[in-house]
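Report on the following structure.
The values are calculated or read from the model by the stated rules, or taken from the named source; none is laboratory data. Since this is a predicted model, take the numbers as computed values, not measurements. Note: ideal-geometry Cβ built from the backbone for every residue, glycine included; neighbour counts use all protein chains shown. Keep in mind that these areas ignore ligands, DNA and RNA; they rest on the heavy atoms of the full protein, side chains included. Shrake-Rupley method; radii C 1.70, N 1.55, O 1.52, S 1.80 Å.
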Amino acid sequence: MSMDFDAIVVGAGAAGGIAACVLAEAGKRVLLVEQGRWRSHANSGHRDHLRNHRLQAHGINTGPYVDGHPRIFVDASGETHVVRPHDDGYHNNASTVGSGTLLYGGLAWRFHPDDFRLKSRYGVPKGSSLVDWPISYAELAPWYERAEWEIGVAGHDGDTNSGARTRGYPMPPLPPKPSTAKLRAGATNLGISTFTPPILINTVPRDGRAACVQCGSCVGFPCPSDAKNGTQNTVIQRALATGRCEIMTGTVAERIATNARGRVVGIDLIDMGEGNAEIRRRITARAVMLSAGAIESARLLLASATDSEPHGLGNNRDLVGRNLQGHYYPTVFGLFEDEVENSHGPGVTIATTDFVHGNEGVVAGAMLADDFVMLPAIFWKQALPPDLPRFGLKAKHFMRDNYRRVSQIKGPVHEVPAPDCRVTLDQTCKDRFGRFVPRLSGVVHPETLRTVAAMHEKAEAWLEASGTIRTWGALPAPRLSAGQHQAGTCRMGDDEAISVTDPFGRVWGHPNLFVSDASLHPTNGAYNPVLTIMAMGFRNSDNLAKML
Amino acid sequence: MPSATFLALLDRIIPVDEWPSATTSGVDRFILALWQSGADGSAGSAAAGLEELDKLASHAGYASFADAPEITQDTLLEQVAATVWFRQLCELAAEGYYANPGNGANPDAISWHMIGYKHGLPEGPDGPPANRSEARMGKLWA
Ligand SMILES: Cc1cc2nc3c(=O)[nH]c(=O)nc-3n(C[C@H](O)[C@H](O)[C@H](O)COP(=O)(O)OP(=O)(O)OC[C@H]3O[C@@H](n4cnc5c(N)ncnc54)[C@H](O)[C@@H]3O)c2cc1C
Ligand code: SF4
């Protein structure tokens with residue numbers, strides 16, 4: 001391998017894959033480092049309904065491997081647990097080239113213009129660290145458009161609440177399913193506006209790959225027709241095609257390498273190799289970009305202390321790892337008289353953004369939509385009415401009669417960040433490489449729970465207006481929020497005193513160290529976050545390319 | 001050798017009707033495999049629970065739970081319905097019964113025919129084969 005890199009990008013997920021592409025196409029020499037491996041439907045598409053990134057009952061389908069990669073999780077009662085990647089408290093996303101973008105459902109939302117200015121619109125609730133984004137929707141809009149066209153989104157201009165758009169989507173929207181018309185009619189009765197949600201899936205052949213074949217197991221698995229547009233089959237391929245990007249898979253960034261003056265010079269890597277041979281080496285570069293996800297990017301900064309920054313790079317103000325957030329998902333199920341579900345993936349067909357803002361008495365809100373096709377085992381675990389016995393013919397007959405009659409409405413609540421929700425380095429527990437592991441602690445801000453309750457009511461009312469026989473769904477309990485939508489741990493900002501990076505993701509005090517992933521989000525929007533992570537990925541790496 | 005009580009209980013958790021019962025569908029083997037591999041830690045509490053169930057049956061005048069008529073079994077079962085071990089066993093039974101056939105139960109994905117779930121995959125209900133070097137305890141399997 002050649003060693004003269006302009007930039008090292010750590011993590012080949014949503015933002016990291018984009019950074020590799022933008023930098024390499026701008027003529028820079030890039031090393032893309034990914035702890036996971038190349039995966040596809042052929043080598044990782046096995047449909048284990050109990051071990052996947054949607055239901056992790058006894059394992060997962062990408063990584064990290066169950067043994068050797070623990071985290072410490074402090075639950076809401078303050079009890080400490082050692083957790084493995086498939087355990088709830090781990091807050092795993094995925095570990096593979098593409099990360100979650102290989103497996104996701106691919107809901108492709110732009111945040112609402114007011115999602116970028118929550119503090120200005122609502123004020124700062126007590127105990128929260130709520131801030132505005134340092135950039136506006138208008139500033140991000142052209143980059144959203146790039147993400148929509150270069151990664152590939154199917155959709156239509158039906159969202160009457162969205163910020164201004166200058167261009168449509170490259171592909172037509174998803175088809176409806178039997179429940180769609182009923183939910184649309186129910187929404188119309190209530191005066192709620194609806195449309196087909198945008199999605200990062202080929203609804204028609206595009207980019208040399210086929211269209212979705214509507215299999216019955218979408219989210220959580222690689223796609224049988226390679227119709228899901230992730231970074232692994234789009235921008236990372238483009239990056240490699242330039243000849244200027246090298247990718248090292250099965251390779252862990254152990255720490256950020258610094259010189260005697262504390263200046264970043266590269267990355268210390270552990271190449272896991274075959275078997276258990278671990279090869280450690282330092283690779284130098286002019287710039288380092290962390291795109292390891294909100295938990296692991298913070299971990300890397302914390303694990304790279306120097307004499308001048310003894311608590312971690314960029315962490316002299318004790319901000320790295322704080323404000324960890326994700327999305328609470330209030331969910332309501334409704335039983336219909338008719339068969340309304342047909343087990344065709346992806347399964348999301350109708351959404352409203354009417355409740356993203358302007359809800360009486362609460363901060364922000366959520367996009368609400370129906371959901372992805374449910375595996376039977378997931379339906380059993382999540383969708384049964386609370387009063388149904390879990391044994392006997394009653395349970396069996398409910399499954400037999402109603403698997404196709406139950407739909408759901410749910411949505412990601414825009415959370416109010418809390419500084420105590422955080423990633424720190426545990427000082428006792430080490431992973432298989434001898435690295436101290438992330439310790440996750442904190443409980444979501446109470447204002448978030450109030451918004452959750454309000455959105456739950458909206459979802460319930462929508463289902464009830466749509467002709468359901470009955471509805472059910474429990475309100476979620478207070479806990480740490482992160483998971484697959486983890487964000488916020490290295491927030492960007494204009495003010496060095498209250499942010500970890502500048503508005504382009506450059507770590508304050510470090511001219512050549514950047515973060516580009518969901519860690520930067522000051523708040524995480526009332527929508528699934530990945531299109532925003534991608535848009536920011538394009539913007540921030542374009543900026544870095546110009547600087548190098 | 002699974003105990004008669006274990007098998008009888010599983011077939012009250014998922015009884016036969018026009019579709020197979022739990023044990024006809026291989027759910028007993030699925031659960032025993034999880035217990036043997038250590039992937040699920042509820043074997044001990046289930047064993048204690050099954051003993052308890054046999055005691056309840058003997059109080060009711062039967063040699064064991066398995067010897068009681070189904071209607072009595074269902075009444076006995078109500079007495080343990082709220083216990084943790086029983087709820088965990090119901091959960092495991094449903095996992096086996098409704099998961100893909102590759103997990104060891106649900107042959108021919110018969111429960112999917114029952115509920116109307118269509119896998120829609122070119123390779124069949126399990127999709128492509130699992131990667132054997134990774135489908136192992138400690139790697140992708142817990
Ligand atoms: C099953 C599933 C469904 C989802 N569905 C949706 C959806 O419909 N819509 C949506 O908006 N979002 C969805 N998401 C979430 C979305 O995938 C994430 O928000 C997004 O991928 C996060 O981007 P990121 O760049 O912050 O980090 P990631 O994409 O997670 O990338 C981080 C990468 O860094 C690697 N890494 C971490 N540490 C190291 C290290 N030390 N050395 C080397 N490599 C490292 C990881 O292995 C990973 O590949 C889904 C996620 C999953 C798993
Ligand atoms: S539903 Fe479509 S996009 Fe999703 S995995 Fe199946 S074929 Fe791929």
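Points 7 angstrom from Cα along the Cβ direction at B:ALA48 and B:ASP108: gap in nanometres?
So the label points at B:ALA48 and B:ASP108 sit 4.2 nm apart.
List the trypsin sites (Lys or Arg not before Pro) within region A:86-136 that fall in a DSSP loop (any state other than H, G, I, E or B) and whose Cβ has at most 12 other Cβ atoms within 10 Å.
Sparse-neighbourhood loop trypsin sites (Lys or Arg not before Pro): A:LYS126.
Among bridges DSSP assigns within chain A, what percent are antiparallel (round to 5)?
70
May I ask for the distance between the Cα centers of region A:66-134 and region A:277-327, given as a whole number of Å?
Cα centroid of region A:66-134 versus Cα centroid of region A:277-327: 17 Å apart.
So for the protein assembly as shown, taking the charge dipole from beta-carbon charges (+1 Lys/Arg, -1 Asp/Glu), which of A:HIS357, A:GLY105, A:ALA26 sits furthest toward the positive end?
Checked the options; the winner is A:ALA26.
Around A:LYS228, which amide H atoms from residues at least 5 apart in sequence, or from another chain, sit under 5 Å from its own amide H, with H modelled in the peptide plane?
Those lying under 5 Å, H to H, from A:LYS228 are A:ASN202, A:CYS223.
Explain nothing, just compute: Karplus ³J(HN,Hα) = 6.51 cos²θ - 1.76 cosθ + 1.60, θ = phi - 60°, for every residue of region B:42-49 in order, whole Hz, x for Gly and Pro.
Once θ is set to phi - 60°, the couplings for region B:42-49 become 8, 4, x, 5, 5, 4, 5, x Hz.
Quick one: which residues, 5+ away or cross-chain, put their amide H under 5 Å from the amide H of A:GLU254? H built at 1.01 Å from N.
For A:GLU254, whose amide H was placed from the backbone, the distant partners under 5 Å are A:ASP268, A:LEU269, A:ILE270.
Rounded to the nearest 20 debye, what is the charge dipole size of region B:4-97 about its Cα centre when +1 sits on each Lys and Arg Cβ and -1 on each Asp and Glu Cβ?
The calculated dipole for region B:4-97 is roughly 220 debye.
What full-extension length gain, to one decimal in nm, is calculated for A:ARG317 and A:VAL204 as 0.36 nm per residue of separation minus the Cα-Cα distance?
35.7 nm
Using the Karplus curve 6.51 cos²θ - 1.76 cosθ + 1.60 with θ = phi - 60°, work out ³J(HN,Hα) for each residue of region A:233-246 in order, rounded to whole Hz, and write x for Gly and Pro.
10, 10, 5, 5, 4, 5, 4, 5, 5, 6, x, 9, 10, 10
Rounded to the nearest 500, what is chain A's calculated 222 nm mean residue ellipticity when only DSSP H runs of at least 4 contribute -39500 (n - 2.57) each, over all residues?
-6500 deg cm²/dmol
Suppose R0 equals 45 Å. What FRET efficiency, 1/(1 + (r/R0)^6) with r the Cβ-Cβ distance, do B:ARG136 and A:VAL213 give to the nearest 0.05?
Once the sixth-power term is evaluated, E becomes 0.90.
Heavy atoms of the protein only, probe of 1.4 Å, neighbouring chains included. What is the accessible area of A:LYS177 in Å², nearest 10?
Counting only protein heavy atoms, the figure is 20 Å².
Considering amide H positions built from the backbone, and no H for Pro or chain starts, which residues 5 or more places from B:ILE14, or on another chain, come under 5 Å of its amide H?
Residues meeting the criterion, in which the H sits 1.01 Å from N, are A:GLY392, B:ALA22.
Can you list the HN-Hα couplings for region A:425-436, worked out from phi with the Karplus curve (6.51, -1.76, 1.60; θ = phi - 60°), rounded to whole Hz and with x for Gly and Pro?
8, 6, 9, 10, 9, 10, 8, 5, 9, x, 8, 5
Using only the Cα atoms of the protein assembly as shown, build the gyration tensor, take square roots of its eigenvalues as a ≥ b ≥ c, and label the shape rounded, prolate or oblate: rounded if a/c is under 1.5, else prolate if a/b is larger than b/c, else oblate.
Taking the square roots of the gyration eigenvalues as a ≥ b ≥ c, the protein assembly as shown is prolate.
Along the charge dipole of chain A, pointing to its positive end and built from +1/-1 on Cβ of Lys, Arg, Asp and Glu, which listed residue (A:THR188, A:LEU324, A:THR448) has its Cα farthest out?
A:LEU324
Where in region A:272-339 are there GluC sites (Glu not before Pro) that are in a DSSP coil and have at most 10 other Cβ atoms within 10 angstrom of their Cβ?
Those satisfying the criteria are A:GLU274, A:GLU337.
Sort A:HIS81, A:HIS445 by accessible area with a 1.4 Å probe, largest first.
Largest accessible area first, the list is A:HIS81, A:HIS445.
Taking the Cα centre of region A:170-292 as the origin, how large is its charge dipole in debye, to the nearest 20, when only Lys and Arg (+1) and Asp and Glu (-1) carry charge on their Cβ atoms?
440
Apply the a/c threshold of 1.5 to the C-alpha gyration tensor of region A:234-274 and tell me whether it is rounded, prolate or oblate.
oblate
For region A:247-294, run through the trypsin sites (Lys or Arg not before Pro) and keep only the ones in DSSP coil with at most 15 other Cβ atoms within 10 Å of their Cβ.
A:ARG261, A:ARG263
Rounded to the nearest 500, what is the 222 nm mean residue ellipticity of chain B from helices alone, with -39500 (n - 2.57) per DSSP H run of 4+ residues and division by all residues?
Here the helix-only value at 222 nm equals -15000 deg cm²/dmol.
Out of A:ILE279, B:HIS119, B:TRP35, whose Cα points farthest toward the positive end of the dipole of the protein assembly as shown (charges: +1 Lys, Arg; -1 Asp, Glu; placed on Cβ)?
Among A:ILE279, B:HIS119, B:TRP35, the one farthest towards the positive end of the dipole of the protein assembly as shown is A:ILE279.
How large is the accessible surface of A:MET455 in square angstrom, using a 1.4 angstrom probe and rounding to the nearest 10?
Answer for A:MET455: close to 0 Å² accessible.
Which lysines, on any chain, are close to A:LYS182 with Cα under 29 Å apart, when same-chain ones fewer than 8 places away are left out?
A:LYS228, A:LYS381, A:LYS394, A:LYS396, A:LYS410, A:LYS458, B:LYS118
Assign unit charges at the C-beta atoms only (+1 for Lys and Arg, -1 for Asp and Glu), then state the dipole size of the protein assembly as shown relative to its Cα centre in Debye, rounded to the nearest 20.
1620
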